[in-house]
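Everything on this sheet refers to the single structure shown next.
The values are calculated or read from the model by the stated rules, or taken from the named source; none is laboratory data. The structure presented is a predicted model; accordingly, all values stated were derived computationally and were not measured. Counting neighbours? That spans all protein chains shown, and the Cβs are built from the backbone with ideal geometry, glycine included. Just the protein is used for accessible areas: all its heavy atoms, side chains included, with ligands, DNA and RNA removed. Shrake-Rupley method; radii C 1.70, N 1.55, O 1.52, S 1.80 Å.
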Amino acid sequence: MVRLLLYVFDLVMATIVAWILSRVVQRLFGNPRLGPQGRRPSAPGGASRSAIAGETARDPVCGMFVSTELSHRLRQGGETLHFCSRECLERFQTHATKS
Ligand SMILES: [Zn+2]
């Protein structure tokens with residue numbers, strides 16, 4: 001019983017230490033979003049946090065509103081279409097070639 005408590009205590013301590021470390025790292029390296037990875041194709045919903053700034057456009061595939069700065073773009077005719085993700089862009093392209 002005591003052993004179990006010690007185990008749980010260890011786990012909690014490890015979590016706290018990991019949290020503090022991540023805080024320190026964040027403070028040392030500044031904004032983690034400007035890391036070396038740069039702009040990656042975001043996961044669904046990933047772009048929504050910064051989508052408020054600037055212009056937004058509607059993704060014609062899933063209907064989601066995306067920032068025109070972060071979107072995946074496709075030039076078609078005279079207009080530019082904006083997609084939330086590469087999947088949506090590809091889905092749109094396969095549909096466009098079919099019809
Ligand atoms: Zn989409």
- Points 7 angstrom from Cα along the Cβ direction at E55 and T97: gap in nanometres? 2.9
- Query: At a probe radius of 1.4 Å, what is the per-residue accessible area of M64, in Å² to the nearest 10?
  - Reply: 60
- Candidate residues R73, R27: accessible-area rank, largest first, probe 1.4 Å: R27, R73
- Note on the structure: Amide H proximity to T68 below 5 Å, modelled H, separation 5+ or other chain, gives E55, T56, A57
- Once both labels are modelled 7 Å past Cα along the beta-carbon direction, what's the V25-L6 spacing in nm? 3.0
